[in-house]
Amino acid sequence: MTTPTQPAILHHTDSLPFGHSFATLPPAFFTRLMPTPLPSPYLVAASASAAKMIGLDPEEFSTANFVESFSGNRLPAGAMPIAAVYSGHQFGIWAGQLGDGRALLLGDVPAHGAGQFGSMELQLKGAGPTPYSRMGDGRAVLRSSIREFLCSEAMAGLGIPTSGVLCVTGSDLRVIRETPETAAVVTRMAPTFLRFGSFEHWFYSGQPEALKTLADYVIDRFYPDLRDAKNPYHALLAEVTRRTAHLMAQWQAVGFMHGVMNTDNMSILGLTIDYGPFGFMDAFDPGHICNHTDHHGRYAYDRQPDVAYWNCAKLARTLAPLIGGEEETRSALDLFGPAFSAKADELLHAKLGLQTSAPDDVALFDAMFALMRANRVDFTLFFRRLGELQIENPTADDPVRDLVIDRAAFDAWAARYRARLRREGSADGPRRLAMDAVNPQYVLRNYLAQVAIEKAQQKDFSEIERLLTILEKPFDPHPDSDHYARLPPDWGTRVAVSCSS
Ligand code: AMP
Ligand code: MG
């Protein structure tokens, strides 16, 4: 029997039913051009779940047609490559025109399990220069492509809105970054790759008509329910603000750091997009900066919600003329704080296995984070092991307690937590099950990705596949893979990631 996420007909690479919704926008929105061929490409990784979502037969992965098509060496039937223009604020400064400098949209295909959106755009990232490449070479490197592949799967596995990756192909073609590396192409999927910067582009270049065209396109195609609102543009800003706030709460709850939250990297659908120098928190440090080129810590872990709000304010500025009034615009933007707090509060309660809310919960959470910070406790392991705690049996605390150097401080906090659990009549067994369903055992720690990358650079792609299996189901036990949940080795805490990708 077929389920809604398993389409009855499985397509071949050349029978994907491409549509070209984005290309219905006026020509100023994009440039048509062909990908630059990638010499002697080989398949590095592919996602069967992504393929199923667009009704593509995973058997295709082993065909030359698939590898050539998703390297930019030939076009799958029906594809029509275009690069989109956008602008943006980078590190707080207006950067002017940017755009798809190394990404080419092939078109959109109907998708199953794509939530409310029902279709996925397929985009080749790293398929050569475009008119928007500025000084860039239009290429992506194998290292970053593998990181994007693994992290988008990991985020999807965690239940966090994200773009996806169908496959990564590689080539021995040399490209120069901080050191010489080799090229790769990532085939990304998202209902749309439109971003806040896509809107800023028309606002800052003084083209209100184009801005309206874009807003209408986004509403009609992705948020059709908002068309009935009294002021659809206000409703659009409110919805994007709300989604972005929820996304931030979800990032914070798993210790994810994006690393480069420029307005051109903020999805108009509230998805995690443009994976670059991201990281997951190891030892808890709220000020942790995962991008080593972010010298001032603009995108540090604890600043992400504020930065997202700042970015929403930039979007609000561009939409204000369509919305019609300062005050109305502000009322949509003002949703950010309450939406973030409500979601963060809900997620934190779930992480601690609390079913009810109490006035002193904030103090309990604050004390927990202070304990984690003072003792540099591993973020992922702490919450996962906290689920093993038993109300009346302190010896069950040993695994979580072991993560905290200051045992007395842990015991003091655990006593408060136990008292709180008793107050709501919490039962150990069901609470552990509930906590295990929200606190992952496995996240894509930088060093895990690094091991897979170094093997892939020797043409051994097996580690990517192993990681994929675990990260797709990060809440489940994987008995043979316990070591993937361990604390990072010493060298693993020093893996440096930058914007260079
Ligand atoms: P990012 O920081 O990766 O989001 O990229 C910022 C801008 O630079 C975007 O417009 C990208 O398309 C462009 N870009 C990044 N890397 C390259 C590259 N290697 N070649 C051309 N454009 C690039
Ligand atoms: Mg970007």
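The values are calculated or read from the model by the stated rules, or taken from the named source; none is laboratory data. These figures come from a predicted structure and were not determined experimentally. Note that we place each Cβ from the backbone using ideal geometry, even for glycine, and neighbour counts take in every protein chain shown. For accessibility, only protein heavy atoms count, side chains too; no ligands or nucleic acids. Shrake-Rupley method; radii C 1.70, N 1.55, O 1.52, S 1.80 Å.
Both numbers refer to the Cα atoms of region 198-346; Rg and Dmax are 15.8, 49 Å. Normalised by 2.2 N^0.38 Å, where N is the number of residues, the alpha-carbon radius of gyration of region 23-135 equals 1.17. Once C-alpha pairs closer than 8 Å and six or more residues apart are averaged by separation and normalised to the residue number of region 198-346, the relative contact order reads 31 percent.
Here is the list for region 299-396: GluC sites (Glu not before Pro) lying in DSSP coil, each with at most 12 other C-beta atoms within 10 angstrom of its C-beta, are E392.
Sorting R174, R317, R139 by accessible area puts them as R174, R317, R139; the probe is 1.4 Å, largest comes first, and only protein heavy atoms count. Projecting the Cα atoms of A370, S47, P26 onto the dipole axis of the chain, where Lys and Arg carry +1 and Asp and Glu carry -1 at the beta carbon, places P26 farthest toward the positive end. Rounded to the nearest 20, the size of the Cβ-charge dipole of the chain about its Cα centre is 520 debye, with Lys and Arg at +1 and Asp and Glu at -1. The overall shape of region 137-263, judged from the alpha-carbon gyration tensor, is prolate: a/c is not under 1.5, and a/b is greater than b/c. Projecting the Cα atoms of W310, G287, G297 onto the charge dipole of region 198-346, computed from C-beta unit charges around the Cα centre, puts W310 farthest toward the positive end. Listed by chain and number, the lysines whose alpha-carbon sits under 20 Å from that of K52, ignoring those within fewer than 8 places in the same chain, are K473. Within the shell defined by Cβ-Cβ distances under 13 Å, the residues around K455 carry a net charge of -1, with Lys and Arg each +1 and Asp and Glu each -1. Residue-normalised convex hull volume from the C-alpha trace of region 304-426: 116 Å³ per residue. Computed over neighbours whose Cβ is under 13 Å from that of S133, the net charge equals +2, Lys and Arg +1, Asp and Glu -1. Our analysis of the chain gives Rg over Rh at 0.97, with the two radii drawn from alpha carbon positions and Rh computed by the Kirkwood formula.
Computed about the Cα centre, the dipole magnitude for region 31-141 is approximately 340 debye when only Lys and Arg (+1) and Asp and Glu (-1) carry charge, each at its Cβ.
Taking Cα centre as origin and charging only the Cβ of basic (Lys, Arg, +1) and acidic (Asp, Glu, -1) residues, the dipole magnitude of region 117-241 rounds to 260 debye.
Taking a straight Cα-Cα cut-off under 21 Å and skipping sequence neighbours fewer than 8 places away in the same chain, the lysines within cross-link reach of K212 are K230, K314.
Let me make sure I get this right: for region 428-501, a, b and c are the square roots of the gyration tensor eigenvalues over alpha carbons, sorted descending. Under 1.5 in a/c it's rounded, otherwise prolate if a/b > b/c, else oblate. Which is it? Prolate, since a/c reaches 1.5 and a/b exceeds b/c. Seen from I391, the other residues with C-beta closer than 13 Å to its C-beta sum to a net charge of +2, counting Lys and Arg as +1 and Asp and Glu as -1. Between the listed residues A419, T272, V175, the Cα displaced farthest toward the positive end of the dipole of the chain, a dipole computed from Cβ unit charges relative to the Cα centre, is found at V175. Here's the list of aspartates and glutamates a cross-link from K459 could span, going by alpha-carbon distance under 12 Å and ignoring same-chain residues fewer than 8 apart: D172. Computed from the C-beta positions of A229 and K455 and an R0 of 56 Å, the FRET efficiency is 0.65 to the nearest 0.05.
Put simply, the amide H of D378, placed in the peptide plane, has neighbours under 5 Å in F284, leaving out anything fewer than 5 places away on its chain.
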